[in-house]
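Notes follow once the structure below has been shown.
The numbers here are math on the coordinates, done by the rules we state, and not lab data. Remember, predicted model here, so these are calculated numbers, not experimental data. Methodologically, a virtual Cβ is constructed for each residue, glycine included, from the backbone with ideal geometry; neighbour enumeration extends over all protein chains shown.
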Amino acid sequence: MTQTTGTMITFRRPDGGDVPGYLVKPEKSEGAPAIVVIQEWWGLNDQIRGVAERLAQAGYIALVPDLYRGKKTGDEEEAHHLMDSLDFGDAASQDISGAVSYLKGITSKVGLTGYCMGGALTLLALGQNPDVNAAVVWYGFPPLDYIDAAKIKAPVLAHWASQDEFFPAATVDALEAKLKEAGVTFDFHRYLAHHAFANETAVGPGRIAKTQFDPAWSQLAWDRTLTFWGRTLWS
């Protein structure tokens, strides 16, 4: 498979501000749908760039908004500080909405996906971007009171780890009930895994506690994800 790499671009927020982002296009981009990829708390690092590149290899245009404006880290304490400093409402309504609008200017079908912190932002942004065509959430969501489920119009696929100590199974069940009550079309998959099971860097002594990459479950989740994108974004 041909290696796909992207470039840094700048796109516009609804309020007129500029946002940097990492854009990757497939070898044949004409008519291809697009996906906004939302980072984990580490920032726009090589791992999340790799997610965008993997999607491009599968035929999608992918854009990762740089929510931290150039800042990134591999240190857990610093990542926590960066996440706490992020205005989630602004990121969802401005940065991510701007990314969706930018991609809508290129193609008609746009999806939204995010990991951990990015999963939470995916659910927040869905309520503010009714023109998003589909979304995939990877083991993350905000406090349930912050989710306006009635405004979520796109189908949602979500991957959860049953041994996740950051997002316990009971809270995932509560989220499922909330989406069901609002009439959201969704499909939840649960895996016998720990948090960040699809992050290939969550291995060895450098990983944070309570996280663990699992190649088997990661591959299954990716297969389900690509099937979902194929059903919802290609016409």
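Just a few scattered comments:
- Order by protection proxy (mean Cβ within 10 Å, highest first), peptides 191-200, 98-107, 8-17: 191-200, 98-107, 8-17
- Within the shell of other residues whose beta carbon sits under 11 angstrom from the beta carbon of Thr211, the net charge comes to -3, with Lys and Arg scored +1 and Asp and Glu -1.
- For Phe186, the residues whose modelled amide H falls within less than 5 Å of its own, excluding neighbours fewer than 5 places apart on the same chain, are Val156.
- Long-range tail of P(r) for the stretch 21-154 (Cα pairs > 20 Å, %): 39 percent
- Global form of the stretch 127-178, assessed from the alpha-carbon gyration tensor, a/c cut-off 1.5: prolate
- Contour excess over end-to-end distance, with Cα ends at Asp15 and Ser85 and 0.36 nm allotted per residue: 23.2 nm
- Amide H to amide H, with H built 1.01 Å from N, Gly140 comes under 5 Å of Cys116, counting only residues 5 or more places away or on other chains.
- Helix-only [θ]222 nm of the chain, DSSP H runs n ≥ 4, -39500 (n - 2.57) each, per residue, nearest 500: -9500 deg cm²/dmol
- Where N is the number of residues in the chain, Cα Rg divided by 2.2 N^0.38 Å: 0.93
- Net charge of Cβ neighbours under 13 Å - reference Ser93; Lys, Arg +1; Asp, Glu -1: -3
- Rounded to whole Hz, the Karplus (6.51, -1.76, 1.60) HN-Hα couplings of the stretch 172-180, x for glycine and proline: 5, 4, 5, 4, 4, 5, 5, 5, 5
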